[in-house]
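The next block holds one structure in the form of structure tokens; read it before the comments.
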Amino acid sequence: MQPSFPLKAITVIPRKTNSLKLQDVEVPSPNSHEVLLKVQRIGICGTDRDIISGFYGEAPEGSSYLILGHESLCRVSETGRFVRGLKKGDLVVPTVRRNCPENCLNCRNGESDMCVTGHYKEHGIKGLHGFASDFALSDASFVVRISESLSEIGVLLEPLTIVEKGISQTFKIQQRRLKWKPEKMLVLGAGPVGLLATAVLRMRGFEVHTVATRERDSLKARLVEETGATYINSKETPLSSLEHKYDAVFEITGSPSVALEAQALIRVNGVACFLGIYRQQQQLEDAGAIFTDLVLGNKVHFGSVNANKSYFVSGAKDLVLIQKKWPSLLKRMITRQKEPEDFEAAYSPESEEEIKTVINFE
């Protein structure tokens, strides 16, 4: 049964600064193929803050505002009459992106993250309301049921899917070689995605070095080292001074200067996966040297964005495994929890020690 009371939602007017507000919205009603979701909590990331700053964002057709929130953890409240495999009370995470209206080759084959038209829609980002509200709607075919053991930390699944895709694509690319036996991985950045990448790579048995700018006694450094990875403070040990070469580099900082330095750290036949969004401009000093190194070293650079449902499924399994291997790791990544009424504070970075802030709608 649908809720009969006004719903609260955190909204913005896309591309307009200082438009963030908590407002009453209409009660959503699921169609025959949708589920009504009772939102438990949402996670906040740089994408949300970019939308709030007016950098990008697109409201749904016919709406003057956009409900934020693409990282979420929900429970099924109501199902459409043609929905199968989901029932009221299930703990779920909806994916973010939906197929383009042209239903291009990739979209119709379950890879909306590889959409070729660019006309896809994304909850809380582009053309679809997000999950920063008491209740929300999702196409049931894009919803993943997860273990009840993840009821406290399941909101981390969406950022983990970025890692799942990046690692998976790295290994698929390296199938170009007859044999690839990677041993040493480099993760640049120790935010939520960097920490999750570190945990997954360590869980798979690789030697991992994770680089960030925090001190060695910081929470980020301690979480890195809890997984058995090596933490490197780039203020003390600049990337240019590293003597190691790595089979794969995962660049997550979004800094062009760091991304350029990462090039020199890839081994011959290695690969660099870029997961950041690079807003600032930076002129290349020697593009020729970079491209020559790529060619002579048989190296690969590639970018990865978003994640399709398959990565949510694999990520849900990895979350359970990470929780079993390092019981406190994921909980400690959630450094701040706020109520919807505290939305302004929630979307304002608290300190350099902030890792993941969540808003509880439960």
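The values are calculated or read from the model by the stated rules, or taken from the named source; none is laboratory data. Bear in mind that the values here come from a model prediction, so they are computed numbers and not experimental data. Every residue, glycine among them, receives a Cβ derived from its backbone with ideal geometry; neighbour counts consider all protein chains shown.
Could you check Ala316 against (1) surrounded by fewer than 12 Cβ atoms within 10 Å (Cβ to Cβ); (2) of a type in the set (Gly, Ala, Ser); (3) under 30 Å from Ala9 (Cβ atoms) and say which number it fails?
Unmet for Ala316, out of (1) surrounded by fewer than 12 Cβ atoms within 10 Å (Cβ to Cβ); (2) of a type in the set (Gly, Ala, Ser); (3) under 30 Å from Ala9 (Cβ atoms): (1).
Evaluate the following for Thr117: is it modelled with pLDDT of 95 or more and in contact with a strand residue (DSSP E or B) (Cβ under 7 Å, 6 or more places away or on another chain)?
Values: modelled with pLDDT of 95 or more: yes; in contact with a strand residue (DSSP E or B) (Cβ under 7 Å, 6 or more places away or on another chain): no.
Answer is no for this residue.
Hey, does region 92-110 have a residue that's of a type in the set (Gly, Ala, Ser), in a helix (DSSP H, G or I) and either surrounded by fewer than 18 Cβ atoms within 10 Å (Cβ to Cβ) or at pLDDT 95 or above (or both)? Walk me through how you get there before you give the answer.
The initial filter retains those residues of region 92-110 that are of a type in the set (Gly, Ala, Ser), namely 110.
Going one step further and asking which of them are in a helix (DSSP H, G or I), we end up with none.
For region 92-110, residues of a type in the set (Gly, Ala, Ser), in a helix (DSSP H, G or I) and either surrounded by fewer than 18 Cβ atoms within 10 Å (Cβ to Cβ) or at pLDDT 95 or above (or both): absent.
Please state which one of Val163, Val144 is assigned to a strand (DSSP E or B) and under 23 Å from Ala197 (Cβ atoms).
Val144
Is at least one residue of region 177-186 outside any helix (DSSP H, G or I), buried (at least 19 other Cβ atoms within 10 Å of the Cβ), modelled with pLDDT of 95 or more and in contact with a His (Cβ under 7 Å, 6 or more places away or on another chain)?
yes
Check off (1) small (Gly, Ala, Ser); (2) more than 20 Å from Pro349 (Cα to Cα); (3) modelled with pLDDT of 95 or more; (4) part of a loop (DSSP other than H, G, I, E, B) for Ala9 and give me the number that stays unchecked.
The one condition Ala9 does not meet is (4).
A quick yes/no check of all residues on (1) over 25 Å from Leu160 (Cβ atoms); (2) in a loop (DSSP other than H, G, I, E, B):
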residue	(1), (2)
Ala199	no, no
Arg202	no, no
Gly276	no, yes
Ala289	yes, no
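Out of everything in region 335-362 that is touching a Ser or Thr at 6+ places or on another chain (Cβ under 8 Å) and hydrophobic (A, V, I, L, M, F, W, C), what residue ends up being surrounded by the most Cβ atoms within 10 Å (Cβ to Cβ)?
Per the criteria, the residue is Phe361.
Please state which of the following conditions Ile232 fails to meet, knowing it meets all the rest: (1) out of contact with any helix residue (DSSP H, G or I) (no Cβ under 7 Å at 6 or more places or on another chain); (2) surrounded by fewer than 18 Cβ atoms within 10 Å (Cβ to Cβ); (3) not in a helix (DSSP H, G or I).
Result: Ile232 fails condition (2) only.
Consider His244 against the criteria (1) under 25 Å from Phe171 (Cα atoms); (2) modelled with pLDDT of 95 or more: it satisfies all of them except one. Which criterion is unmet?
Against the list (1) under 25 Å from Phe171 (Cα atoms); (2) modelled with pLDDT of 95 or more, His244 comes up short only on (2).
Please enumerate the residues belonging to region 155-175 that are touching a strand residue (DSSP E or B) at 6+ places or on another chain (Cβ under 8 Å), of a type outside the set (A, V, I, L, M) and farther than 13 Å from Ala248 by Cα.
Glu158, Pro159
Can Gly297 be described as within 21 Å of Ile167 (Cα to Cα) and without any contact (Cβ under 8 Å) to a residue 40 or more places away in the chain?
On the way: within 21 Å of Ile167 (Cα to Cα): yes; without any contact (Cβ under 8 Å) to a residue 40 or more places away in the chain: yes.
Yes, satisfied.
For Phe250, state whether it is at negative phi and not assigned by TED's automatic domain parsing to the domain that holds Ser168. Reasoning before the result, please.
Details: at negative phi: yes; not assigned by TED's automatic domain parsing to the domain that holds Ser168: no.
It is false that Phe250 is at negative phi and not assigned by TED's automatic domain parsing to the domain that holds Ser168.
Confirm whether Val92 is over 16 Å from the mean Cα position of the chain (by Cα), of a type in the set (Val, Ile, Thr) and more than 20 Å from Thr161 (Cα to Cα). Outline the logic, then answer.
Values: over 16 Å from the mean Cα position of the chain (by Cα): yes; of a type in the set (Val, Ile, Thr): yes; more than 20 Å from Thr161 (Cα to Cα): no.
When the stated conditions are applied, Val92 does not pass them.
Quick one: which of Glu122, Glu152, Glu158 is assigned to a strand (DSSP E or B) and on the phi < 0 side of the Ramachandran plot?
Numbers: Glu152 fails: assigned to a strand (DSSP E or B); Glu158 fails: assigned to a strand (DSSP E or B).
Going through Glu122, Glu152, Glu158 in turn, just one is assigned to a strand (DSSP E or B) and on the phi < 0 side of the Ramachandran plot: Glu122.
What are the residues in region 332-362 that are more than 12 Å from Gly191 (Cα to Cα), in a helix (DSSP H, G or I) and touching a residue at least 24 places away in the same chain (Cβ under 8 Å), if any? Give the derivation first.
Initially, region 332-362 is screened for residues more than 12 Å from Gly191 (Cα to Cα), giving 332, 336-351, 358-362.
Still in the running and in a helix (DSSP H, G or I): 332, 340-346.
Once the filter is applied, which keeps residues that are more than 12 Å from Gly191 (Cα to Cα), in a helix (DSSP H, G or I) and touching a residue at least 24 places away in the same chain (Cβ under 8 Å), region 332-362 yields Arg332, Pro340, Glu341, Phe343, Glu344, Ala346.
In region 58-74, is there at least one residue being surrounded by fewer than 23 Cβ atoms within 10 Å (Cβ to Cβ), in a strand (DSSP E or B) and over 21 Å from the mean Cα position of the chain (by Cα)? Quick ask: steps written out before the conclusion?
Going residue by residue through region 58-74, those that are surrounded by fewer than 23 Cβ atoms within 10 Å (Cβ to Cβ) are 58-65.
Now narrow it down to the ones that are in a strand (DSSP E or B): 58.
Those left that are additionally over 21 Å from the mean Cα position of the chain (by Cα): none.
No, that holds for no residue.
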